[in-house]
1. Tilt of helix 82-91 relative to the longest C-alpha principal axis of the chain, in degrees (0 to 90, nearest 10)?
2. Counting C-alpha atoms alone, how compact is the chain: give Rg to one decimal and Dmax as a whole number, in angstrom.
3. Under unit Cβ charges (Lys, Arg +1; Asp, Glu -1), what dipole magnitude, rounded to 20 debye, does the stretch 44-200 have relative to its Cα centre?
4. About its Cα centre, how strong a charge dipole does the chain have in debye, to the nearest 20, once Lys and Arg get +1 and Asp and Glu get -1 at the Cβ?
5. Among Thr44, Trp289, Ile425, whose Cα sits farthest toward the positive end of the charge dipole of the chain (+1 at Cβ of Lys/Arg, -1 at Cβ of Asp/Glu, about the Cα centre)?
6. Starting from 0.36 nm per residue, how many nanometres of slack lie between Arg411 and Leu149 once their C-alpha separation is accounted for?
7. Just going by the charge dipole of the chain, with Lys and Arg at +1 and Asp and Glu at -1 on Cβ, which of Ser367, Ala55, Leu260 is farthest out on the positive end?
8. With a probe of 1.4 Å, find how much accessible area the stretch 3-50 has per residue, and write the answer as a whole number in Å².
Amino acid sequence: MATAKLKIGRNELEIPIIKGTENEKALDISKLRASSGGIVTLDTGYKNTGATTSAITFLNGEEGILRYRGYPIEQLAEKSNFLEVAYLLINGELPTKKEFKDFEHEITTHTLVHEDIKKFLDAYPERTHPMGQLCAMICSLSAFYPESLNPYRSDEEINNTVIRLIAKMPTLVSWIHKRAKGHPAMYPDNSLGYCENFLKMFFGLPTEEYEVDPVIANAIDKLLILHADHEQNCSTSTVRIVGSSHATLYAAISAGISALWGPRHGGANQSVIEMLQNIQNDGGNLQKWLDKAKDKSDPFRLMGFGHRVYKNFDPRAKIIKKASDEVLKKLKIDDPLLNIAKRMEEAALKDEYFVKRKLYPNVDFYSGIIYKAIGFPTEMFTVLFALGRLPGWIAQWKEMMKDQQPIGRPRQIYIGENERKYTAISRRKKK
Ligand code: SDX
């Protein structure tokens, strides 16, 4: 085992260096505090800190590499389907024909949601954001499956919860949408595949036949694959830390949905479209918006640009950019926002500010173009991200539980007041 030497005062510590299967290296500081008389590391935002080892997803930010369980994202996006990728992420291997058939059958036969869930939905004000509803609904599923609250869950109970989450989320998403439109809830159709069933529940009406367009079904399937996992991103780290307290998986996934909602994370796909629409309404003046994004006194950031890990192209953005061209052409839609997005990308990649900081389009930059072309409301875009990320969150939670990891509890460096005496209110003076 290679080691690093750390000299602190007269104390010289040997810190083990661990190496992953892709030659990534880390200083294992798990014994640092005990062996240094209480010294910890500080790394706000964890830009230099690994929270865990993991065998699920590999990213190389410099080379723009993304692999799920060793399979390149480009091959999975082209050759696989979302349910198969969900199986791969959760179980570690691509399924055999029988394994896939059994998995798909389990999902298909668990798509119904308890009718009482509608009472929750009916209580929301009309303009409630769907991410807030989804987060609450997923956590509320635990009310219908109290056995999932048992911290000593059997493998069978865990599998039941995994299947119920993957099977029921599309139904919940469509019911949230239908209620917002004042339309009757649509029920799952077990004769359809996962994405086809979702599209029919989301866009179909009980008053007429709904033909699923294979172009749209294929685009959604590909987008869900591309969003399925991304190692220790903000929402996945949230799922892991909530899961580490042994709360039910429903609560951990609900927490992941909350974290994903933020505009710095999954909420960016909604913000990108809103940004492109603002640019369009502002006469398409790209330079003005680029300058705004570079102005430190302005909180505006170029949404869909930049990434904590990718300092090169986000491979998912490349695939989605190509798919947005194909889908819009097949649907015969000429959306000026796609053109603005392409011109914005071109201008930013020639701008020294973005080049120097290695800011490239990320997964959220083009995805909204396709969601919009298909007809999803903008506020539903991050919900679609959550639908895709669900198997990744589940896989990461299962890995954390299987490894019997301790409860996540980071340390801190206190910089507040030193000890002081309580003062009676009569003697306090305004500071
Ligand atoms: C996702 O982690 C994941 O894997 C996430 C994700 C996943 O699949 O789970 O990939 C999904 O969340 C993609 C990211 C979506 N968010 C956005 O598109 C929002 C816009 N992007 C930024 O907010 C930002 O780039 C982050 C949040 C994505 C990354 O932030 P970091 O890693 O903390 O980087 P930083 O803020 O320290 O930026 C470094 C510099 C700063 O400038 P300086 O202080 O060096 O002068 O780059 C600047 C930042 O101001 N910068 C930007 C910018 N992003 C970074 N400036 C303008 N526009 C931007 N978009």
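The values are calculated or read from the model by the stated rules, or taken from the named source; none is laboratory data. Owing to the predicted nature of the structure, the values given are computational and were not obtained by experimental measurement. Cβ sites come from the backbone with ideal geometry, for glycine too, and all protein chains shown count toward neighbours. Surface areas here come from the heavy atoms of the whole protein model, side chains and all, with no ligands, DNA or RNA. Shrake-Rupley method; radii C 1.70, N 1.55, O 1.52, S 1.80 Å.
1. 30
2. Taking only Cα atoms of the chain, I get Rg and Dmax of 23.7, 80 Å.
3. Details: 17 positive and 20 negative charges, 100 e Å.
Magnitude of the dipole: close to 480 debye.
4. So the magnitude is around 2420 debye.
5. Ile425
6. 91.5 nm
7. Leu260
8. For the stretch 3-50, the solvent-accessible area averages 82 Å² per residue.
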